[in-house]
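First up is the structure itself, then whatever we jot down about it.
The values are calculated or read from the model by the stated rules, or taken from the named source; none is laboratory data. From a predicted model like this one, the values you see are computed outputs, not experimental measurements. So basically every Cβ, Gly included, is an ideal-geometry build from the backbone, and we count neighbours across all protein chains shown.
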């Protein structure tokens, strides 16, 4: 997905394929064009099945399942067994066998987790910059934000302090841009990447030392996916999360999911506390005692007229008095005299 489909058509026509890896939308397009013959398929592997459904790919997946031969082996990987996943399994698969590798929410033991209370977004930026300047071991890090706008805000500020040391990846960036940033990060040309949950799953980036949750995810399971980018294979990892008072409840939900308390760290007195709030943190002003307009019984939008305004309008002076008649001219006077005669 995201690259020239004509090149892919040509490669499949000329060379054929034994194994095809693709996004649901692109695979569906190639199937509709008869470039891929689904009837010849022997095995179907769907990775991140729950995430695909939550991202809105249910229609494409349903069409792909319908177009395929029933004589195939299905292998699905899903981090969470949601109701949507169960519904699809019941409809399109016969007696599936479930194999659980780990209980949902199981904390990764090789990852050192800590949380730091911070008053607001801009103070989080000050804290992050302070840590990046004072800690020498923050050399290959991922910084997670909850949305694209906030990821860009973080990147713009970090890029001012550390020019060309960080990249940013989210769904508004093109496929080629994202691939280039990922390659630079993997080759140690970048110190870190600011991103959204688009990088929380399905990526095996070697030697990520630290994961920062600049904002706490609303879904507790997503926290597990984020911090799982570090501490992979035989390596240890560190996950540090910043949370505001409004995000404290989300931290508690994560601890309940993991059945584990996360270590609390004190906010550094060397970091400047900012009073400036971003747009998302500003409170919505609610008007006190708003004026309520009462409608009359007839349902009209106008108020009842006062007595002095209830007089019937007979029109202006020209309508109240009869118009003055003009004197007849000589021709009209002669016609009148003839009639009389």
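Filter region 1-40 down to the residues that are in a helix (DSSP H, G or I) and farther than 25 Å from residue 174 by Cβ and list them by number.
The answer is 13, 14, 15, 38, 39, 40.
Residue 237 - would you say it is at pLDDT below 90, closer than 30 Å to residue 81 by Cβ and buried (at least 20 other Cβ atoms within 10 Å of the Cβ)?
Against the criterion (at pLDDT below 90, closer than 30 Å to residue 81 by Cβ and buried (at least 20 other Cβ atoms within 10 Å of the Cβ)), residue 237 does not qualify.
Considering only region 201-221, state which residues are buried (at least 20 other Cβ atoms within 10 Å of the Cβ) and outside any loop (DSSP other than H, G, I, E, B).
210, 211, 212, 213 - these are the residues of region 201-221 that are buried (at least 20 other Cβ atoms within 10 Å of the Cβ) and outside any loop (DSSP other than H, G, I, E, B).
Which residues, counting only those in region 1-47, are surrounded by fewer than 13 Cβ atoms within 10 Å (Cβ to Cβ) and touching a residue at least 60 places away in the same chain (Cβ under 8 Å)?
1, 2, 3
Please work out if residue 126 is surrounded by fewer than 16 Cβ atoms within 10 Å (Cβ to Cβ) and out of contact with any helix residue (DSSP H, G or I) (no Cβ under 9 Å at 6 or more places or on another chain).
In short, no.
Find the residue count for region 178-204, including only residues that are farther than 22 Å from residue 120 by Cα and either assigned by TED's automatic domain parsing to the domain that holds residue 78 or touching a strand residue (DSSP E or B) at 6+ places or on another chain (Cβ under 8 Å) (or both).
Of the residues in region 178-204, 11 are farther than 22 Å from residue 120 by Cα and either assigned by TED's automatic domain parsing to the domain that holds residue 78 or touching a strand residue (DSSP E or B) at 6+ places or on another chain (Cβ under 8 Å) (or both).
Here are some conditions: (1) touching a helix residue (DSSP H, G or I) at 6+ places or on another chain (Cβ under 6 Å); (2) under 30 Å from residue 265 (Cβ atoms). Residue 108 meets all but one. Which one does it not meet?
Just one mismatch for residue 108, condition (1).
Considering only region 74-105, state which residues are assigned to a loop (DSSP other than H, G, I, E, B), touching a helix residue (DSSP H, G or I) at 6+ places or on another chain (Cβ under 7 Å), under 28 Å from residue 229 (Cβ atoms) and at pLDDT 85 or above.
Result: 77, single match.
May I ask you to verify whether residue 78 is exposed (fewer than 12 other Cβ atoms within 10 Å of the Cβ), farther than 23 Å from residue 263 by Cα, without any contact (Cβ under 8 Å) to a residue 40 or more places away in the chain and outside the structural domain of residue 210 (by TED's automatic domain parsing)?
no
Identify, by number, the condition in (1) in contact with a strand residue (DSSP E or B) (Cβ under 7 Å, 6 or more places away or on another chain); (2) in a loop (DSSP other than H, G, I, E, B) that residue 173 doesn't meet.
Here residue 173 meets the rest and fails (1).
Answer yes or no as to whether residue 123 is in the same structural domain as residue 271 (by TED's automatic domain parsing) and not in a loop (DSSP other than H, G, I, E, B).
yes
Considering only residues of region 176-200 that are closer than 18 Å to residue 111 by Cβ and assigned to a helix (DSSP H, G or I), which is nearest to the chain's Cα centre (by Cα)?
197
Is it the case, given these coordinates, that residue 52 is assigned by TED's automatic domain parsing to the domain that holds residue 79, surrounded by 12 or more Cβ atoms within 10 Å (Cβ to Cβ), touching a strand residue (DSSP E or B) at 6+ places or on another chain (Cβ under 8 Å) and within 25 Å of residue 93 (Cα to Cα)?
For residue 52, the condition - assigned by TED's automatic domain parsing to the domain that holds residue 79, surrounded by 12 or more Cβ atoms within 10 Å (Cβ to Cβ), touching a strand residue (DSSP E or B) at 6+ places or on another chain (Cβ under 8 Å) and within 25 Å of residue 93 (Cα to Cα) - is met.
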